[in-house]
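Below: the structure, in structure tokens.
The values are calculated or read from the model by the stated rules, or taken from the named source; none is laboratory data. Because the structure is a prediction, the values reported are computed rather than measured. For neighbour counting, all protein chains shown are included, and Cβ atoms are generated from backbone atoms with ideal geometry for every residue, glycine included.
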Amino acid sequence: MNPVDIFIDIFLLLLMAAVAIAIVRSHLMFAVVMLSGIFSLLAAVLYVHLTAVDVAFTEAAVGAGVSTLLFLATLALTHVNVEEKHKPVRMVPLVIVVATGAMLIWGTLDMPHYGDPEAPANKHVAPRYIQDSPKETGLPNMVTSVLASYRGYDTLGEVVVIFTAGAGVLVILGRGRRRWRPGVKDEDGDNAEEERA
Amino acid sequence: MNRHSILRVVAKLMIPYILLFALYVQFHGDFGPGGGFQAGVIFAAAFILYALIFGIENGRKVMPAWVNRILLAGGVLLYSFVGVAGIFLGSEFLDYNVLGPTPVAGQHYGILLVELGVGLTVSSTMIAIFYVFAGQDI
């Protein structure tokens, strides 16, 4: 890796750390939501720099875009904007978190370097995808051919998960709150039949 | 939000381009970055922007809830039918090679349809969650 790349990585990671600390220290929920959007955007830039453009795309659209919006909608619904004041620092959770983090960092020391062609993850099926997928699927974008074709079964599972999430939200929140209780009258007398979602 | 004319004008200008970009990401995902997941979210963002600026009621007129629910399930069904079609054409579940005259053409059709299914489900999930959240009048 050349020094400029290393500098960009360190700069982005420092910015992300600064935003994370600002999130922890902020009292205003609105500011927290906005800062987490910025955090996602920085993560997206980092993914671009790691040449994972597809992941960066998703992070920017979902993390910085839609989820920020959903957080804002939740804030508007709950009318809670100010978090309670900081409690005094408790030592036991702090020690546990620091120890876990230190062990995780210690664990990464044994991992192969980023982009190492000799890494086990890059020796298994990756060479076959790189060599054969343009011939077998005719697609230049290997991410798409792996996602939709070679690992189509996994992607079907992911889509079902998303469908389940959407259906779950619709079932819990999407209808009139008293609609499915036969025999129970609304306070106003009408039975809240209109569609909510 | 009827008085914010700048917001309304800018949103009206941007929404067609957001939709166009989503379609580009959807159907160009085979060649460039992107695919069904990303395109679905961008597509949903256009509708959410419309509903934010012009009100949730007008948003529901553009994308009624029942249409959205059909698309929500339709995406998963499309994906599964592509998989089952592989079985009926004499191969295995989600084997696209048999869908076209040549294996490469079959892969093309299969990936295109599967990504379309992903895009439909993702976009209508996002729209549904936003409508539900924004439509709660507590």
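Key figures
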item: Residues being free of Cβ contacts under 8 Å to residues at least 60 places away in the same chain and more than 7 Å from chain A (Cβ to nearest Cβ) - total across segment B:111-138; result: 2
item: Filter result for the condition that a residue is at positive phi and loosely packed, with under 13 Cβ neighbours inside 10 Å, over A:108, A:100, A:51; result: A:51
item: Segment B:72-105, residues that are among the hydrophobic types (A, V, I, L, M, F, W, C) and within 9 Å of another protein chain (Cβ to nearest Cβ); result: B:72, B:73, B:76, B:82, B:93, B:94, B:104, B:105
item: Condition broken by residue A:61, with the remaining ones in (1) assigned to a helix (DSSP H, G or I); (2) at pLDDT below 85 satisfied; result: (2)
item: Counted residues, segment B:55-71 - those being assigned to a loop (DSSP other than H, G, I, E, B) and more than 9 Å from chain A (Cβ to nearest Cβ); result: 2
item: Pairs, first farther than 18 Å from residue A:68 by Cβ and β-branched (Val, Ile, Thr) in segment A:32-52, second surrounded by 19 or more Cβ atoms within 10 Å (Cβ to Cβ) and modelled with pLDDT under 95, C-beta under 8 Å, six or more apart; result: A:48/A:56
item: Residues that are more than 7 Å from chain A (Cβ to nearest Cβ) and at pLDDT below 85, drawn from segment B:25-54; result: none
item: Count - residues of segment B:39-59 that are over 9 Å from the mean Cα position of the chain (by Cα) and either at negative phi or surrounded by 20 or more Cβ atoms within 10 Å (Cβ to Cβ) (or both); result: 14
item: Residue that is buried (at least 17 other Cβ atoms within 10 Å of the Cβ) and among the acidic types (Asp, Glu), where the choices are A:136, A:118; result: A:136
